[in-house]
Amino acid sequence: MNLKKLYEMQKALDFHIEMKHGLENQDLFDQKVLALLVEVGELANETRCFKFWSKKPSSPRETVLEEFVDGIHFILSLGIECGFTSEIEFMGESKGSITEQFNDVFRTISSFQKSRSESDYRNLFRSFMNLANLLGFATNDIEEAYRVKNEVNYERQQNGY
C-alpha cells in the first residue's frame with residue numbers, strides 16, 4: 001500500500017478542514033480517537049459479525065469497504081497528528097474471527113490513546129489492516145476506496161457538512 005500518498009492526501013484534507021473550521025494549532029487527538037472508535041463501531045455494525053441474535057447478513061461489500069476507509073482516514077490523521085508517517089509493513093497475518101479482530105482493534109486504539117507512542121500506533125495500524133485481510137479487502141481496493149472517499153469528504157466540506 002502506498003502509505004506516503006495516503007498520508008499526503010490525508011494531511012491536505014486535515015489542513016483544509018482545520019483552516020475552514022478555525023482549528024489551526026489545536027490538539028485534536030482525543031476527538032480523532034473518539035471519531036476512530038465510532039467509525040470502527042460503525043464498521044462492526046455493517047459486518048454484523050457480533051450479532052449472534054440476528055440472521056440478517058452483512059451489508060454489501062462496498063458499504064463495508066466504505067466504512068473501513070473511514071477508519072483509515074482517522075488512523076492516518078492520528079499518525080499525522082503525532083508525527084508518525086513512515087512506512088509500516090503489514091504482515092497479513094489474521095488469526096481468529098472477525099469479532100476477535102475487532103476486539104483487538106479496539107484494544108490497540110486504547111493502548112495508543114494512552115501511550116501516544118509510535119510502536120502502539122504501528123500496532124493499531126497493523127491490527128486494522130489484519131481486519132481488512134479478514135474482511136477480504138486487498139490493499140488496492142482500500143487505496144481506491146480511500147481516494148473516492150477523500151473526494152467525497154472535500155465535497156462535504158464545500159457543502160457545509
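What follows draws every value from the coordinates through simple rules; no lab data is involved. Note that the coordinates shown come from a computational prediction; the quantities given were computed from them, not determined experimentally. Here the Cβ positions follow ideal geometry from the backbone for every residue, glycine too, while neighbour counts run over all protein chains shown.
Within the chain, how many lysine pairs that are 8 or more places apart, or on different chains, have C-alpha atoms less than 26 Å apart?
So the count works out to 19.
With n ≥ 4 as the cut-off for DSSP H runs, can you work out [θ] at 222 nm for the chain, using -39500 (n - 2.57) per run divided by the number of residues, rounded to the nearest 500?
Numbers: 6 runs with 115 residues, N = 161.
Mean residue ellipticity, 222 nm, calculated: -24500 deg cm²/dmol.
Could you order peptides 70-76, 17-23 by the average number of other Cβ atoms within 10 Å of their residues, highest first? Please report the intermediate quantities before stating the final value.
Working: 70-76: 23.0, 17-23: 11.9.
So the peptides 70-76, 17-23, ranked by packing, come out 70-76, 17-23.
Just add up the charged neighbours of E118: K/R +1, D/E -1, any other residue whose Cβ is under 13 Å from the Cβ of E118. Mind showing how you got there, number by number?
Numbers: positive: R116, R122, R126; negative: E81, E87, D120.
My count for the surroundings of E118 gives 0.
Please state the Cα pair-distance histogram of segment 3-158 with 5 angstrom bins from zero: what percent is in each bin?
Taking all Cα pairs of segment 3-158, the binned fractions are 2, 9, 19, 23, 22, 15, 8, 3, 1, 0 percent.
Taking R0 as 45 Å, what FRET efficiency do you get between N133 and N25 from their Cβ-Cβ distance, rounded to the nearest 0.05?
Details: r = 37 Å, r/R0 = 0.83.
Once the sixth-power term is evaluated, E becomes 0.75.
Which order do peptides 142-153, 49-60 fall in by mean Cβ count within 10 Å, highest first?
Descending mean neighbour count gives 142-153, 49-60.
Calculate the dipole size of the chain relative to its Cα centre from +1 charges on Lys and Arg beta carbons and -1 charges on Asp and Glu beta carbons; express the result in debye to the nearest 20. Mind dumping the intermediate values first?
Values: 19 positive and 26 negative charges, 96 e Å.
Roughly 460 debye, rounded to the nearest 20.
Considering the options S97, N25, L134, tell which one lies farthest towards the positive end of the dipole of segment 3-158, charges being +1 on Lys and Arg and -1 on Asp and Glu at the Cβ, about the Cα centre.
Ranked along the dipole, the leading option is S97.
Pick from D30, D104, D14 the residue whose mean-square fluctuation is largest in a GNM of the chain, springs joining Cα atoms under 10 Å.
Of the options given, D30 has the highest mean-square fluctuation.
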